Amino acid sequence: MNTLLRIENLHARVDGKAILKGIDLTVKPGEVHAIMGPNGSGKSTLSNVLAGRSGYEVTEGTVTYRGQNLLDQPPEQRAREGVFLAFQYPVEIPGVSNIYLLKAAYNAIRRHRGLNEVDALDFLKLVKEKTRMVDLDEQFLYRGVNEGFSGGEKKRNEILQMAILEPTLCILDETDSGLDIDALKVVANGVNALRSPERAFILVTHYQRLLDYIKPDHVHVLAHGRIVRSGDASLAHELERKGYGWIEAAAAGA
Amino acid sequence: MSALSHSLYVDSYREPATNEPAWLSRLRRQALARFEASGFPSPRDEEWRYTHVAPIERKLFTAATGSADTDAAEALIESCRIADAWSLVFVDGMFVPELSERHGLPAGVTLESLASLLALSEADGNAAWLESGLERETESDRHGFLDFNTAFFTDGAVLRLEEGVALEKPVQLFFVSTRNDGRATLRNLIRIGRNAEARVVETHVGPPETGYLGTVVNQIEVADNGGLNHYKLQLDGGRAYHFGGSYARVARDGRFGHHLLSLGGLLVRNEVHARLGHAAQTEMNGVFLSENRQHVDNHIRVDHDEPHGSSRVSYRGILEDRSRGVFQGRIVVHADAQKTDAEMNNRNLLLSDDAEIDTKPQLEIHADDVKCAHGVTIGQLDPDSVFYLESRGIDAATAREMLTFAFAAEIVERFGPLRERLRGLLLARFPNAQ
Ligand SMILES: Nc1ncnc2c1ncn2[C@@H]1O[C@H](COP(=O)(O)OP(=O)(O)OP(=O)(O)O)[C@@H](O)[C@H]1O
Ligand SMILES: [Mg+2]
């Protein structure tokens, strides 16, 4: 199987408003794709459609993941099949502890793969190790999910979940926005530690800076619900220098 | 028709056992006369607006005679026993010493059935305080259930701590019902001496398919700087009628915690009143769950009589199916109660379109230098939270259960010393939440 994800002519609406207007994107195992684009261009919409959030109406096109129709599957099944979305704005869930969520998610995925639930002590060891890796204090494990976390702590927590769940397709929706350099390195390390020939990443970002730490194979520019340009890592540098205006103008003229 | 049918109960009144003191017979007859005149509370009464008790009047629940069915009771007790506690067990309104556990109670503690104390001679020394305790007005709003309870109570628990006694183990009071169409009418007296401290777990339990009426009234006194954590576990069967009222007086620097888990019953009223003295504190935390056609009414009243008191009332309701919940809470800050710090909030999750909640938190403030706040929310589960969990591989039903449990568990977190154990009881209702 040489294609992990194939998006073809994807159109989607939110609240009756067309947001995605024909996205085509093919992601192969092992690749890192960066998606950049102005505010409101549809980056989070694309991420949410892939993760299966309700309220997004796909009006045209297909998404094939590991040879299966992804859009047919409920969100939890997508997750169990290895799709992971690191949210742009992770929600706070008071009363559900971080560690419990991790364990429930980890076991749900294991059951899906026909494996036994994990032994509590082994799991704790794994979680503690990964918690150190993302440079979070262990006490965060016992707090409510994201409850009272700072912006940077929330993003680290998303990376912690990703590191533990070991997904196959990781979609990071602006996980790097608003982070200081230390936290940015944590995110980059989290991604780089997981990089493997089977796994792929879609990094939604506004800033070239992240790509100094994670070298993308492809960079795409999303504007007005379409991918208007694709290139290699140098495109990100060009965008950083020139902004999006020239591309949007070129796309409009085309 | 129903207005008169409470007279069935009046007609069923028998003169109490001859070994009861004369003062009690007098109290009972007075209460019966008031009950005969007014009956059970009617929805015309503002405090009973949302709860119609007509179904109780349409039936005649009878008191048990003979001995209690302890076999049936034992399994029920074991289903909700708190480990390592002293206990008194009442089955169908009758004290069962064999099932009770009182070994090793320290000196200065009385833990006894009310009926057996009343049967003792006047010389016993308890008569005077029992009389004053029972005679005490049950605070601000007297109503038919209280008179009914006074007229008909068969027994109850008495817990008395002398000055300075701190009980290191909790005391669990079991009120078990086993008989269809039976009634259990109990009166408990709890008196915490100066600097004394106790935890009491009042537990109501019965079989799922049995219809019965339990009315249990607690009269509670906490003396200067004493502390009581009073837990109420309302785990009645789904066809049960329950009226429970707790009426506490808390003296200077005293602390009264009331922690409610109301999970069972068909028609339930949980009433709790506290009257606070100088710098006295109360914390009332409640979780009520209802499903099917259950009706659960929580009625709270706090009176701040003197300065520097504090009250924290936090109740959360979870309502499913066609069930109905009520939260009626009132904190009254009287004119002398300057520097009172009072807060009341009620949050509710409506998990079905057919479920309903009437909620009415009220502050009535007659002093000018106070800090008071109240709030209410009624809502559904947050779809973003549900999606977050789903996006991590958790199915929708489990995600909803986790979030619902979390909503309730946040209150149980405030349950003080027994919170871990009671969390387990709540969790039994949400088997996939953890
Ligand atoms: N729930 C919604 N209801 C209505 N409009 C929405 C909704 N969600 C997104 N939109 C609109 O869809 C468009 C695309 O939004 P989206 O969040 O996908 O953009 P984005 O590229 O992620 O932007 P940003 O860089 O600010 O994160 C915007 O115009 C936004 O206002
Ligand atoms: Mg976005």
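The values are calculated or read from the model by the stated rules, or taken from the named source; none is laboratory data. These figures come from a predicted structure and were not determined experimentally. All Cβ positions, even for glycine, are placed from backbone atoms using ideal geometry, and neighbour counts span all protein chains on display. Just the protein is used for accessible areas: all its heavy atoms, side chains included, with ligands, DNA and RNA removed. Shrake-Rupley method; radii C 1.70, N 1.55, O 1.52, S 1.80 Å.
Does the stretch A:1-133 come out rounded, prolate or oblate, given a ≥ b ≥ c as the square roots of the eigenvalues of its C-alpha gyration tensor, rounded meaning a/c under 1.5 and, failing that, prolate meaning a/b above b/c? Could you put the intermediate results ahead of the total?
Numbers: a/c = 2.05, a/b = 1.66, b/c = 1.23.
It is prolate, given that a/c is not under 1.5 and a/b is the larger ratio.
In this structure, the pairs whose alpha-carbon distance is over 29 Å, taken from A:Lys155/B:Lys371; A:Lys28/A:Lys185; A:Lys130/B:Lys169; B:Lys169/B:Lys360; B:Lys169/B:Lys371; A:Lys17/A:Lys215, are A:Lys155/B:Lys371; A:Lys130/B:Lys169; B:Lys169/B:Lys360; B:Lys169/B:Lys371; A:Lys17/A:Lys215.
Taking the C-alpha atoms only, the angle from helix A:233-242 to the longest principal axis of chain A is near 70 degrees. Each residue of the stretch A:9-24 is assigned a 3J(HN,Hα), and the resulting list reads 6, 6, 10, 9, 10, 10, 6, x, 9, 5, 10, 9, 10, x, 9, 10 Hz, derived from the Karplus form 6.51 cos²θ - 1.76 cosθ + 1.60 (θ = phi - 60°), x at Gly and Pro. Pairs of Cα atoms nearer than 8 Å and 6+ residues apart set the relative contact order; for the stretch A:5-253 it is 27 percent. Cα convex hull, the stretch A:130-208: 90 Å³ per residue, rounded to a whole number.
Here the stretch B:5-99 is described by how far its Cα atoms reach on the three principal axes: 44, 38, 22 Å, from widest to narrowest.
Cα centroids of the stretch A:190-227 and the stretch B:395-434: 39 Å apart. Close amide-amide hydrogen proximity is noted between B:Arg183 and B:Thr62, B:Ala63, B:Ala64, B:Leu213, each under 5 Å apart and 5 or more residues distant or on a separate chain (H modeled in the peptide plane; Pro and chain starts excluded). What is the distance in Å between the Cα centres of the stretch B:148-191 and the stretch B:31-95? So the separation of the two Cα centres works out to 12 Å.
Assuming 0.692 mPa s and 37 °C, estimate D for the stretch A:169-251 with Stokes-Einstein, Rh taken as the Kirkwood radius over Cα pairs, in µm²/s. Intermediate values should be presented prior to the final figure.
Values: Rh = 13.6 Å.
Here the translational diffusion coefficient equals 242 µm²/s.
The separation of the stretch B:213-242 from the stretch B:258-285, counted between C-alpha centres, amounts to 8 Å. The phi-based Karplus calculation (6.51 cos²θ - 1.76 cosθ + 1.60; θ = phi - 60°) puts the 3J(HN,Hα) values of the stretch A:203-218 at 9, 8, 8, 9, 10, 4, 3, 4, 6, 5, 9, 10, 7, x, 7, 9 Hz, whole numbers, x for Gly and Pro. Taking the DSSP bridge list for the protein assembly as shown and keeping only pairs wholly inside it, about 20 percent are antiparallel. Applying 0.36 nm per residue to the separation of A:Ala251 and A:Asp217 and subtracting their alpha-carbon distance, the gain on full extension is 10.0 nm. Interface residues of the stretch B:392-409, defined as those losing at least 50 Å² of solvent-accessible heavy-atom surface relative to the isolated chain (probe radius 1.4 Å), are listed as B:Arg392, B:Gly393, B:Met402.
Leaving ligands, DNA and RNA out of it, report the carbon-plus-sulfur percent of the accessible area of chain A at a 1.4 Å probe. Each step should come with its number before you reach the end.
Numbers: 4980 of 11010 Å².
Carbon-and-sulfur percentage of accessible area, whole number: 45.
For the chain pair B and A, the buried solvent-accessible surface (1.4 Å probe, both sides summed) amounts to about 1900 Å². Bridgeable lysines around A:Lys21 (alpha carbons under 26 Å apart, same-chain partners fewer than 8 residues away excluded): A:Lys43, A:Lys242. Counts of other chain beta carbons within 10 angstrom of each beta carbon in peptide A:42-53 average 1.
Using only Cα atoms, figure out Rg for the protein assembly as shown and give it as a multiple of 2.2 N^0.38 Å.
In units of the globular-protein estimate, the protein assembly as shown measures up at 1.19.
Counting each DSSP H run of 4 or more residues in chain B as -39500 (n - 2.57), what helix-only mean residue ellipticity at 222 nm follows after dividing by all residues, to the nearest 500 deg cm²/dmol? Please list the in-between numbers first.
Numbers: 10 runs with 99 residues, N = 434.
Calculated at 222 nm, the ellipticity per residue is -6500 deg cm²/dmol.
On chain B, 46 percent of the accessible area sits on carbon and sulfur atoms, based on a 1.4 Å probe. Using C-alpha pairs under 8 Å with a sequence gap of at least 6, the mean separation divided by the residue count of chain B gives a relative contact order of 9 percent. Report, in degrees rounded to the nearest 10, the 0 to 90 angle that the Cα long axis of helix A:120-133 makes with the longest principal axis of chain A. With rounding to tens, the tilt is 50 degrees. Computed on the stretch B:383-434, with alpha-carbon pairs under 8 angstrom and 6+ residues apart, the relative contact order is 36 percent.
Under 5 Å between amide hydrogens, built in the peptide plane, is the criterion, and for B:Arg322 it picks out B:Asn292 among residues at least 5 positions away or on other chains. Scaled against 2.2 N^0.38 Å for its residue count N, the alpha carbon radius of gyration of the stretch B:377-434 is 1.20. Once Rh for chain A is found with the Kirkwood sum over Cα pairs, what is the Stokes-Einstein diffusion coefficient at 37 °C and 0.692 mPa s, in µm²/s? Translational D for this selection: 175 µm²/s. The convex hull defined by the C-alpha atoms of the stretch B:231-303 has an orientation-averaged projected area of 4.2 nm². Close amide-amide hydrogen proximity is noted between B:Asp303 and B:Ala274, B:Arg275, B:Leu276, B:Val332, each under 5 Å apart and 5 or more residues distant or on a separate chain (H modeled in the peptide plane; Pro and chain starts excluded).
Going by the alpha-carbon gyration tensor, a ≥ b ≥ c the square roots of its eigenvalues, is the stretch A:98-176 rounded (a/c under 1.5) or, if a/c is not under 1.5, prolate (a/b greater than b/c) versus oblate? Don't skip to the end; give the middle numbers.
Details: a/c = 2.00, a/b = 1.35, b/c = 1.48.
Verdict is oblate for the stretch A:98-176.
Once a ≥ b ≥ c are taken as the square roots of the eigenvalues of the Cα gyration tensor of chain B, is the result rounded (a/c under 1.5), prolate (a/b larger than b/c) or oblate (a/b not larger than b/c)?
rounded
Considering only DSSP beta bridges where both residues belong to chain B, give the percentage that are antiparallel (nearest 5). If you can, show how the numbers build up before the last one.
Working: 8 of 143 bridges.
Restricted to chain B, the bridges split so that about 5 percent are antiparallel.
Please determine, in degrees from 0 to 90 and to the nearest 10, the orientation of helix A:98-112 with respect to the longest principal axis defined by the Cα atoms of chain A, where the helix direction is its Cα long axis. So the helix axis and the longest Cα principal axis differ by about 80 degrees. Of all DSSP bridge pairs formed entirely within the stretch A:45-184, close to 50 percent run antiparallel. Under a 1.4 Å probe, what is the accessible area of the protein assembly as shown per residue, stated in Å²? On a per-residue basis, the protein assembly as shown sits at 40 Å².
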